[in-house]
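Below: the structure, in C-alpha cells.
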Amino acid sequence: MQNRTTFIVAGLLIIVAVIYLIVSSTGSTAQFFLTVAELHAMGDEALQRNITVSGAVLGETIDYDALAPRVTFTILDVPADPKEVERRGGLAQVLHDAVRDPTGPRLEVVYNSVKPDLLQHEAQAIMRGKMGADGRFYADELLLKCPSRYDEEIPAQAGD
C-alpha cells in the first residue's frame with residue numbers, strides 16, 4: 001500500500017510539473033498574427049510582444065546595406081482574411097492594389113540579415129519580430145511570397 005501511494009504522489013507531481021511547463025512557456029512564445037492596420041491599432045501594447053505581421057512590399061523603399069548586413073523596406077496593409085483576398089481578385093491583385101494606395105497603413109521594417117532574392121516590389125512579406133519604440137518593426141524572420149512566381153491557380157483535375 002505504501003508503494004502504491006508513493007507511486008500515485010510521484011505521478012501527480014510529474015503531471016503538475018508538465019502542466020506548469022506548458023502554461024509558463026505558452027505565454028512567452030505566443031505570437032500575434034496581424035495586418036499592418038491591426039498592428040498600428042495596438043499602439044504601445046505591441047512593444048511588449050512577439051508579433052507576426054504581413055503586408056505588401058513597396059519596392060521603391062527597399063534599402064540594402066551589404067556591410068551591416070541590413071535591409072530596410074516598407075510594407076503596406078493587406079487583408080488577412082483569405083475570403084476577402086479572393087473577393088478582391090486574388091493575392092496578386094490585393095498586393096498590387098495595396099502598393100498603389102497612397103493612403104493605406106504603412107510599416108517600416110528592419111531586417112538584420114542579407115537581402116532575400118524574393119524581396120521585391122509587390123511581394124507578400126510575412127515577418128516575425130518586435131515593434132521598436134521608434135515605430136519601426138524589427139524582424140527576426142522574413143518570409144516572402146511573390147505572386148507572379150507562384151501562381152495560385154487550381155489545377156484542372158482538381159476542378160473536375
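Bear in mind that the values in this text are calculations on the coordinates, not laboratory data. No experiment lies behind these values; they were computed from the predicted model shown. Heads up, the Cβs are rebuilt from the backbone with ideal geometry, glycines too, and the neighbour counts pull from every protein chain shown.
The value of relative contact order for the chain, using C-alpha pairs under 8 Å at least six residues apart, is 22 percent. From most to least packed by mean Cβ count within 10 Å, the peptides 52-61, 35-44 give 52-61, 35-44.
Given that compact globular proteins tend to follow 2.2 N^0.38 Å, what is the ratio of the alpha-carbon Rg of the chain to that value?
Values: Rg = 21.8 Å, N = 160, 2.2 N^0.38 = 15.1 Å.
So the Cα radius of gyration is 1.44 times the expected 2.2 N^0.38 Å.
Using the Karplus relation 6.51 cos²θ - 1.76 cosθ + 1.60 with θ = phi - 60°, the per-residue 3J(HN,Hα) values for segment 80-95 come to 8, 7, x, 5, 5, 4, 5, 4, 8, x, x, 4, 4, 5, 5, 5 Hz, with x marking Gly and Pro.
Students often check this: by mean Cβ neighbours within 10 Å, which of 90-98, 67-75 ranks highest, and how do the rest follow?
Values: 90-98: 18.6, 67-75: 16.9.
Those peptides, ordered most packed to least, come out 90-98, 67-75.
Taking other C-beta atoms within 10 angstrom as a stand-in for reagent exposure, Lys83, Lys115 fall in the order Lys83, Lys115, fewest first. Near Met127: Cβ cut-off under 9 Å, other residues only, Lys/Arg at +1 and Asp/Glu at -1. The net charge is -1. Between the residues Val57, Leu13, Ala123, the greatest Cα displacement towards the positive end of the dipole of the chain, with unit charges on the Cβ of Lys, Arg, Asp and Glu, is found for Leu13. Of all beta bridges that DSSP places with both ends in the chain, some 80 percent have antiparallel geometry.
Between 0 and 90 degrees, rounded to the nearest ten: what's the tilt of helix 2-29 against the longest Cα principal axis of the chain? Approximately 20 degrees, to the nearest 10.
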